[in-house]
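Colleague: Could you have a look at this structure, given as structure tokens, before my questions?
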Amino acid sequence: MSQDKNHLFHEISNLSTEQRNPNSTNIDFLSAAEILKIINDEDKTVPFAVEKELPYIERAVNKIVEALKIGGRLLYFGAGTSGRLGVVDASECPPTFGTKPEMVQGFIAGGEAAMFVAQEGAEDHEENGAKDVIRAKVTEKDIVCGIAASRRTPYVIGAVKKAKELGATTLYITCTPRDSFNIKEVDIPICPYVGPEVVMGSTRMKSGTAQKLVLNMLTTASMVRMGKTYENMMIDLQMTNKKLVERAKRIVMMITGVEYEEATKQLEIANYHVKTALVMILAEVNLEEAKSRLVKADGFVRRALKAD
């Protein structure tokens, strides 16, 4: 065995994500019901692992909001399951929160093809991550978030290192213990430690669930802090399909108490911008006044309603 392979073998062997789970040792002898019970019991531990990381997730959210408000971006870099989760989270922001596609982006080792078919070897080189960061034209305004269950993925490490060199704020989501974290260049590590997987090394399971929960928190909390909701209802959604058009009408009806026809009329006047329609109805003002109030209120509808 060559020195490089020997080093990699021992590095992987010592990772917490590569250890055997004592609770599932005999899983290959169990019934379907018993297997599912073990998986479910293990999955129940994931939210508690994420809970321990809330102070770090909070720090990350505050940095993300600061960056987005000055025209920066949130950029995810990952490989395999981790990369796919980042791409999915980014792709869901425009229809959910009305963001521009470039505001939150996901990059995966191996490119678009890797979303559907594993691209062997794409994650094995730090320079691949660095090149993707350069192609994304990362600047000091941006937030770059590496995602890697094992923390050691070269593609992700390379992306985070290059982003740091370029002055970006860096985050890193990994499912290994915090005291084992060895990427000193990262600003905020988020480390939900979920322990060994039910099937050894299958980090699409508990690790993937933990990463998904953290990503949900990062974007959802950031968007709430940017005025994308009214109470707990999303009000900056884009009308990209018939379902979302009807959802917008229902939201306007629920918040204002108007009937379906009036909600439709006001949304048409507001060019289907839900926030504007809400201010028009609730503050009893015209289109221009509603827009002006929203600008002064930094996009928060409830602040706009209190404007003089």
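Colleague: Might you let me know whether the range 96-113 holds any residue that is farther than 30 Å from ASP298 by Cβ, in contact with a Phe, Trp or Tyr (Cβ under 7 Å, 6 or more places away or on another chain), of a type in the set (Gly, Ala, Ser) and modelled with pLDDT under 95? Reasoning before the result, please.
Modeller: Step one: of the range 96-113, the residues farther than 30 Å from ASP298 by Cβ are 108-113.
Those left that are additionally in contact with a Phe, Trp or Tyr (Cβ under 7 Å, 6 or more places away or on another chain): 109.
Keeping just the survivors that are of a type in the set (Gly, Ala, Ser) gives 109.
Imposing the further condition that a residue be modelled with pLDDT under 95 reduces the set to 109.
Looking for residues that are farther than 30 Å from ASP298 by Cβ, in contact with a Phe, Trp or Tyr (Cβ under 7 Å, 6 or more places away or on another chain), of a type in the set (Gly, Ala, Ser) and modelled with pLDDT under 95, one finds at least one in the range 96-113, hence yes.
Colleague: Next up: Among the residues of the range 151-177, which ones are small (Gly, Ala, Ser) and crowded, with 21+ Cβ neighbours inside 10 Å?
Modeller: If the condition is that a residue be small (Gly, Ala, Ser) and crowded, with 21+ Cβ neighbours inside 10 Å, then GLY158, ALA159, ALA163, ALA168 are the ones that fit.
Colleague: Could you give me the residue pairs with C-beta distances under 8 Å whose first residue belongs to the range 44-72 and is surrounded by fewer than 12 Cβ atoms within 10 Å (Cβ to Cβ), whose second residue is assigned to a helix (DSSP H, G or I) wherever it lies, and which are 6+ apart or on separate chains?
Modeller: Going by the 8 Å Cβ cut-off, there are no qualifying pairs.
Colleague: Shifting gears a bit: Go through (1) assigned to a helix (DSSP H, G or I); (2) closer than 27 Å to ALA163 by Cα; (3) of a type outside the set (Ser, Thr, Tyr); (4) modelled with pLDDT of 95 or more for LEU8 and report which single condition fails.
Modeller: It is condition (4) that LEU8 fails.
Colleague: Going through the range 192-208 one residue at a time, which ones are more than 16 Å from SER24 (Cβ to Cβ) and surrounded by fewer than 23 Cβ atoms within 10 Å (Cβ to Cβ)?
Modeller: Of everything in the range 192-208, those that are more than 16 Å from SER24 (Cβ to Cβ) and surrounded by fewer than 23 Cβ atoms within 10 Å (Cβ to Cβ) turn out to be TYR193, GLY208.
Colleague: Further question: Taking the options LEU244, LEU218, name whichever one is touching a residue at least 40 places away in the same chain (Cβ under 8 Å) and under 30 Å from ASN40 (Cα atoms).
Modeller: After applying the criteria, what remains is LEU218.
Colleague: Exactly one of (1) farther than 30 Å from ARG152 by Cβ; (2) of a type outside the set (S, T, N, Q); (3) out of contact with any Ser or Thr (no Cβ under 8 Å at 6 or more places or on another chain); (4) in a helix (DSSP H, G or I) is unmet by LYS249. Its number?
Modeller: If we test LYS249 against (1) farther than 30 Å from ARG152 by Cβ; (2) of a type outside the set (S, T, N, Q); (3) out of contact with any Ser or Thr (no Cβ under 8 Å at 6 or more places or on another chain); (4) in a helix (DSSP H, G or I), just (3) comes out false.
Colleague: Exactly one condition in (1) closer than 24 Å to PRO95 by Cβ; (2) surrounded by fewer than 18 Cβ atoms within 10 Å (Cβ to Cβ) is false for LYS249; which is it?
Modeller: The number of the failed condition is (2).
The values are calculated or read from the model by the stated rules, or taken from the named source; none is laboratory data. Predicted, not measured: the structure shown is a model, and the values here were computed from it. Methodologically, a virtual Cβ is constructed for each residue, glycine included, from the backbone with ideal geometry; neighbour enumeration extends over all protein chains shown.
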